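Single-structure report; data block below.
Nothing in this text is a laboratory measurement; each read-out follows from the coordinates by a stated rule. All values derive from a computational prediction rather than experimental measurement. Positions of Cβ are generated from backbone atoms using ideal geometry, with glycine treated the same way; all protein chains shown enter the neighbour counts.
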Amino acid sequence: MNWEGFVKTERLEIQSKYESEIRFGPAYFKLKSIPEIKLLEFDIYGDWFYRHKSFLFLQQWNSTKTPNTNLICINLNSFEYKIVLDRIQSVFWLMEFKNEKLYFIDDYNKKKYLIDLSKL
């Protein structure tokens, strides 16, 4: 498989390469970026992303056997890569910006988390 465009912003381009898929479930991918963010290239990711202002959120997979994922944030100004939430037992995610607050929603387990943008 070839590298394909995944998400592009003014300062960052992320490309994806299909790795495989869970039987009767979602596909997972390798990612790489221009400019290069080394930490991005070591893991596998779902096809989910969310952009909020100068932040890009990604779904990092810890396992292909059970739902075990991390919410990753990339600062689009500094290109800093950070794990925001870890060991999430789901791949069904939503984000919501409401009343000037950003929330991560684990739709499968019906959990909602406030994301503190000042710590990103």
Quiz prompt | In Å, descending, principal axis extents of the Cα set of the stretch 38-106 | solution = 37, 27, 17
Quiz item: When only DSSP loop residues count, what trypsin sites (Lys or Arg not before Pro) in the stretch 1-40 have their Cβ near at most 13 other Cβ atoms within 10 Å?
Solution: 11, 23
Exercise. Please work out the FRET efficiency for the pair residue 83 and residue 8, using the Cβ-Cβ distance as r and a Förster radius of 25 Å; give the result to the nearest 0.05.
Key: 0.60
Quiz item: In nm, to one decimal, how far is the residue 54 label point from the residue 34 one, both placed 7 Å along Cα→Cβ?
Solution: 2.4 nm
Self-check item: Label-point gap, in nm, between residue 98 and residue 43 - each point 7 angstrom along Cα→Cβ
Solution: 2.7 nm
Quiz item: Nearest 0.05, what FRET efficiency do residue 119 and residue 64 give at R0 = 30 Å with Cβ-Cβ as r?
Solution: 0.50
Quiz item: Which lysines have a Cα less than 28 Å from the Cα of residue 119, not counting those fewer than 8 places away in the same chain?
Solution: 8, 30, 32, 38, 53, 82, 98, 101, 110, 111
Quiz prompt | Label selected from (i) 21, 20, 11; (ii) 24, 21, 11; (iii) 19, 18, 16, the criterion being semi-axes √(5λ) of the Cα gyration tensor in Å as computed here | solution = (i)
Quiz prompt | Listed residue (22, 85, 75) projecting farthest to the positive dipole end of the stretch 4-91, Cβ model | solution = 85
Exercise. Within the stretch 22-114, report the GluC sites (Glu not before Pro) that DSSP leaves as loop and that have at most 11 other Cβ atoms within 10 Å.
Key: 36, 100
